[in-house]
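Please read the structure below before turning to the comments.
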Amino acid sequence: MDLKRLSKTISYALRHHPDEFGLQLDVQGWVSLDALLAALRKRRAEWRHIGEDTIHMVMANADKQRFELRDGRIRAYYGHSLPAKIQREAAPPPTLLYHGTTPEAARIIQVQGLRPMRRQYVHLSEERETARMVALRRTSTPVLLVVRSRAAYEDGIFFAPGNDAIWLSDPIPARYLEFPPEARKQRA
């Protein structure tokens, strides 16, 4: 069985088009695992015997955790393109978090702050290196921003844990961001 294909199909169903699978997500993005399995079994003949153990195999073999299983329910951690914003439970973040970006985006962020863009939430990392690696996907000269996340949270900005040391937040004003010297020089 092609676990990668199954993982992509699950992502598609949970993040983008649950309606195509006859699934109804709740406001937090959860759906019954049984309902998802039933929909997947109908989708492809080779999947007609999949069960919860197959989903665990998909999750164990993934390069990063894309799904969360709890109490017989499953949801995608993030990446939703659904019109309704998936509600998450707020939690106090670490004192500092990190965001990697391009030099061009850093100039805009200095004025507008961090925004989710085409996502539902801003994605932040607990680790500098992870944030840098994310930025390297888009540029050879990453700019690492330090986010004073605890101060932002204490001032009422929403934060919630994602997965794999990732945090999600609502937009973060620039006053909570520290820019490296090379980015500050370009600000004017």
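List of remarks:
- Residues that are farther than 28 Å from residue 121 by Cβ and small (Gly, Ala, Ser), drawn from region 28-77: 38, 45, 51
- Single residue of 41, 73, 5, 48 found to be among the basic types (Lys, Arg) and surrounded by 17 or more Cβ atoms within 10 Å (Cβ to Cβ): 73
- Looking across region 72-101, the residues that are at pLDDT 95 or above and of a type in the set (Ser, Thr, Tyr) come down to 95, 98, 101.
- Per-region count, region 3-23, residues free of Cβ contacts under 8 Å to residues at least 40 places away in the same chain and more than 22 Å from residue 162 (Cα to Cα): 6
- Of the residues 174, 131, 151, the single one that is surrounded by 21 or more Cβ atoms within 10 Å (Cβ to Cβ), more than 30 Å from residue 23 (Cα to Cα) and outside the structural domain of residue 11 (by TED's automatic domain parsing) is 131.
- In region 83-101, of all residues being in contact with a helix residue (DSSP H, G or I) (Cβ under 7 Å, 6 or more places away or on another chain) and either aliphatic (A, V, I, L, M) or surrounded by 17 or more Cβ atoms within 10 Å (Cβ to Cβ) (or both), the one that is nearest to residue 162 (Cα to Cα) corresponds to 93.
- Members of region 150-171 found to be closer than 23 Å to residue 108 by Cβ and over 17 Å from the mean Cα position of the chain (by Cα), listed by number: 151, 152, 155, 157
- Annotation: residue 64 fulfils all but one of (1) farther than 22 Å from residue 183 by Cβ; (2) free of Cβ contacts under 8 Å to residues at least 60 places away in the same chain; (3) out of contact with any strand residue (DSSP E or B) (no Cβ under 6 Å at 6 or more places or on another chain); the unmet one is (2).
- Hey, residue 88 under 30 Å from residue 150 (Cβ atoms), in a loop (DSSP other than H, G, I, E, B) and of a type outside the set (Gly, Ala, Ser) or not: yes
- Taking region 106-128 as the range and being crowded, with 19+ Cβ neighbours inside 10 Å and among the hydrophobic types (A, V, I, L, M, F, W, C) as the test, the residues that pass are 106, 109, 114, 122, 124.
The values are calculated or read from the model by the stated rules, or taken from the named source; none is laboratory data. Computed from a prediction, not measured in an experiment: that's the story for all the values here. Neighbour counts are summed over all protein chains in view; Cβ atoms, including those assigned to glycine, are modelled from backbone coordinates with ideal geometry.
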